[in-house]
1. For the stretch 93-103, does any single residue satisfy the condition of being surrounded by 14 or more Cβ atoms within 10 Å (Cβ to Cβ), among the hydroxyl-bearing types (Ser, Thr, Tyr) and modelled with pLDDT of 85 or more?
2. Quick check on this structure: which one of Lys81, Lys119 is modelled with pLDDT of 90 or more, open to solvent by 30 Å² or more (accessible area, probe 1.4 Å) and within 15 Å of Lys260 (Cβ to Cβ)?
3. Considering each of Arg155, Arg176 in turn, give the residue that is modelled with pLDDT of 85 or more and assigned to a helix (DSSP H, G or I).
4. In the stretch 117-152, what count of residues is obtained for those that are within 21 Å of Leu254 (Cα to Cα) and either in a helix (DSSP H, G or I) or in contact with a helix residue (DSSP H, G or I) (Cβ under 9 Å, 6 or more places away or on another chain) (or both)?
5. Could you tell me how many of the residues in the stretch 251-271 are open to solvent by less than 70 Å² (accessible area, probe 1.4 Å) and either touching a Phe, Trp or Tyr at 6+ places or on another chain (Cβ under 9 Å) or not in a helix (DSSP H, G or I) (or both)?
6. Take the residues of the stretch 15-41 that are in a loop (DSSP other than H, G, I, E, B) and at pLDDT below 75: which is most open to solvent (accessible area, probe 1.4 Å)?
7. Being in contact (Cβ under 8 Å) with a residue 40 or more places away in the chain and farther than 23 Å from Lys238 by Cβ is the requirement here; does Lys97 meet it?
8. With respect to Gln141, determine if the residue is polar (S, T, N, Q), modelled with pLDDT under 90, open to solvent by 50 Å² or more (accessible area, probe 1.4 Å) and more than 18 Å from Asp266 (Cα to Cα).
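The values are calculated or read from the model by the stated rules, or taken from the named source; none is laboratory data. Fair warning: this is a prediction, and the values are worked out from it, not measured in the lab. Cβ: placed from backbone, ideal geometry, glycine included. Neighbour counts: every protein chain shown. Surface accessibility is based on the protein's heavy atoms, side chains included, excluding ligands, DNA and RNA. Shrake-Rupley method; radii C 1.70, N 1.55, O 1.52, S 1.80 Å.
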Amino acid sequence: MTNEIYTGKIINGKQEISDFLTGQRREKDETEWLVVERPELRIIEDEVFEKAQEILRGRNDVFNLNHERQSNKYLFSILIKCKECGWSFRRTVRTYKNTYVRWVCSGRNGKGADSCPNKTAVDEEELIQVLQEYFNRVLQQKNKVIDYVVKEFQRVYKAKDENAEYEKELNLQIARLQRMRQKYMDMYTDDLISREELKDKLGGTRQELDRLENELKMVSSNLTKGDQMEKILNDTFKQIEDITDVHEMTNVQLKRLIKKIEVDKDGNVDIYLRLLGDLGLNESILVGDECENKTALNSNDQT
């Protein structure tokens, strides 16, 4: 019972599309909602409705609920994300002569093919093998990873120490990019530019925005010394070293190490270490096989 229509109110405009290219939406401020009073639709008093909301909020606090289903039933529950629409992948089991366990985009699976172009079905056993290989590769290049992360973190802090306005500067750059993106999205909404023109105007602004936000996160972090960073990195590697078989891991254990596993419509699988994301490091640009001083932390295997 969360719909205000029970109190005789029809409310629209609670959300708006924040990025037309990805379909991502954002919540609008309550002052921007469109509220229409319809007394003839009322079936309960405001006091009863508000009491119900208090009870629901209390349950959410107790069980730590949010808009995404909290699950740790399976090894990859809530970990696999669709790179096309942002929805989590769901587990499907098919039995014919053999039993096949695969993960598919729940957005496409639940809302239909028109909602998401990602029809990739990830075989669970193959993904486990990819993850095992991923952990092995990370351990093999442990020293390079630690060295690179510490240097990158210190680089950002050095910039902050040299310029007290660095954090403010980053915020200004982020705000400027966001305004520019919103301007072109508004133009697209008003049919002033086409979808192709929108793509051309926005170009690589999403990647640049992610980079700035990651750097700001590093600047704002409480970790300020390389030796602290190295200790945390070593603790993470110790957890990885303790893994003998991914099959034996639980979803909770895996979530301590893996931030997300992204799958695109072409079947590419990208695996992201939680530690790097929590520190604000952009894993996708941190690593690359073409750079000798970098380490391939992203697994780009076909499934």
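1. Among the residues of the stretch 93-103, at least one is surrounded by 14 or more Cβ atoms within 10 Å (Cβ to Cβ), among the hydroxyl-bearing types (Ser, Thr, Tyr) and modelled with pLDDT of 85 or more, which makes the answer yes.
2. Result of the check over Lys81, Lys119: Lys81.
3. Residue meeting the stated conditions: Arg176.
4. 20
5. Counting residues in the stretch 251-271 that are open to solvent by less than 70 Å² (accessible area, probe 1.4 Å) and either touching a Phe, Trp or Tyr at 6+ places or on another chain (Cβ under 9 Å) or not in a helix (DSSP H, G or I) (or both) gives 14.
6. Asp29
7. no
8. Considered against the rule, which asks whether it is polar (S, T, N, Q), modelled with pLDDT under 90, open to solvent by 50 Å² or more (accessible area, probe 1.4 Å) and more than 18 Å from Asp266 (Cα to Cα), Gln141 comes out as yes.
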